[in-house]
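Down below is the structure, laid out as structure tokens.
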Amino acid sequence: MKNKKTCIMMVIVLLLGMTFIGCPDLNNGNGNGNDVFAGTWLGTESQSGFSIRIVAQNGTWTEWVNELETVRGTYTVSGNTVTLIFVEVNPNIFGGPDQWVLYAALDNEYKVQMGGSETIQMTISNNTISVLGANLTKQQGNDIFAGTWLGTETQYGNSVKLVAQNGSWTEWIIDIEGLKGTYTVSGNTVILTIVEVNPSIFGGADEWILFAQLEVEHKELIGGSETIQMTISNNTISVLGATLIKQP
């Protein structure tokens with residue numbers, strides 16, 4: 001796992017997509033008040049295969065790479081053009097301390113690795129954005145998966161809790177945080193992508209490991225695939241050997 005942060009840093013260099021603070025003028029001259037960037041964007045970095053999630057709202061946005069919150073900032077919108085401004089960066093993505101640092105106070109070597117500029121511009125086309133190495137798609141419609149789901153494993157009787165929001169989900173087994181990932185929704189169909197797994201749920205080490213780096217025997221214990229498709233029916237889902245009910 002010592003290479004994980006280095007790989008994530010490389011993804012940040014490719015993506016240059018982040019989160020921020022403030023309430024700028026979203027119109028930026030377009031005069032119609034239509035914030036086409038607001039919402040949740042999901043995709044994959046083409047070179048590394050890492051999952052990318054961006055959540056944008058009211059002029060601020062955040063990006064997660066493999067569910068690691070990396071950068072924060074602000075944005076403005078003019079027609080279909082979005083301009084991002086870096087505000088804060090977590091040096092943890094470079095292998096540094098886990099703390100938020102203002103972009104202006106960031107070490108120059110880190111700035112260079114992020115492209116050397118605090119702004120980046122991109123164009124939205126057909127609800128898709130291309131950001132230096134990744135294609136992200138805006139999630140549409142009613143997110144019926146968002147919320148808290150509770151249930152029990154059929155085989156072992158262990159309690160299971162799953163919390164989903166803004167395209168990201170986490171599952172606990174007997175109150176042990178065991179899996180993290182992203183999801184998309186189409187009607188009543190939900191597709192989960194497993195991003196990270198904590199082997200402690202199998203009796204292994206208590207650390208987060210990318211699904212791709214998980215031992216084969218552990219992958220098989222969670223179905224063998226990093227994606228899971230399921231259907232919501234009467235506020236009930238069946239996932240990884242458990243039946244879960246959405247809480248009101």
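The values are calculated or read from the model by the stated rules, or taken from the named source; none is laboratory data. A quick note: this is a predicted structure, and the numbers were derived from the prediction, not measured. Note: ideal-geometry Cβ built from the backbone for every residue, glycine included; neighbour counts use all protein chains shown.
Which condition from (1) free of Cβ contacts under 8 Å to residues at least 60 places away in the same chain; (2) of a type outside the set (Asp, Glu); (3) in contact with a helix residue (DSSP H, G or I) (Cβ under 7 Å, 6 or more places away or on another chain); (4) within 26 Å of residue 146 (Cα to Cα) is the one that residue 201 breaks?
Tallying (1) free of Cβ contacts under 8 Å to residues at least 60 places away in the same chain; (2) of a type outside the set (Asp, Glu); (3) in contact with a helix residue (DSSP H, G or I) (Cβ under 7 Å, 6 or more places away or on another chain); (4) within 26 Å of residue 146 (Cα to Cα), residue 201 fails exactly one: (3).
Which residues, taken from region 176-198, are in a loop (DSSP other than H, G, I, E, B) and within 19 Å of residue 145 (Cβ to Cβ)?
187, 188
Quick check on region 47-68: of everything there that is under 23 Å from residue 95 (Cβ atoms), over 8 Å from the mean Cα position of the chain (by Cα) and of a type in the set (S, T, N, Q), which residue is modelled with the highest pLDDT?
Selected residue: 62.
For (1) over 23 Å from the mean Cα position of the chain (by Cα); (2) charged (D, E, K, R), each residue gets a yes or a no:
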| site | (1), (2) |
| --- | --- |
| 190 | no, no |
| 207 | no, yes |
| 213 | no, no |
| 236 | yes, no |
| 242 | yes, no |
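For residue 231, work out the one condition from (1) touching a residue at least 40 places away in the same chain (Cβ under 8 Å); (2) farther than 26 Å from residue 137 by Cβ it doesn't fulfil.
(2)
Take the conditions surrounded by fewer than 19 Cβ atoms within 10 Å (Cβ to Cβ) and in contact (Cβ under 8 Å) with a residue 40 or more places away in the chain and apply them to residue 116. Does it pass?
Spelling it out, it is not the case that residue 116 is surrounded by fewer than 19 Cβ atoms within 10 Å (Cβ to Cβ) and in contact (Cβ under 8 Å) with a residue 40 or more places away in the chain.
Collect the residues in region 41-73 that are over 18 Å from residue 136 (Cβ atoms) and buried (at least 19 other Cβ atoms within 10 Å of the Cβ), keeping them in residue-number order.
59 - this is the single residue of region 41-73 that is over 18 Å from residue 136 (Cβ atoms) and buried (at least 19 other Cβ atoms within 10 Å of the Cβ).
Tell me, which strands (runs of 3 or more DSSP E) lie completely within region 31-76 with 2 or more residues that are closer than 22 Å to residue 177 by Cβ and touching a residue at least 60 places away in the same chain (Cβ under 8 Å)?
Per the criteria, 39-45, 51-57.
Out of 200, 159, 130, 186, which single residue is small (Gly, Ala, Ser), closer than 17 Å to residue 45 by Cα and surrounded by fewer than 18 Cβ atoms within 10 Å (Cβ to Cβ)?
Exactly one residue qualifies, and that residue is 130.
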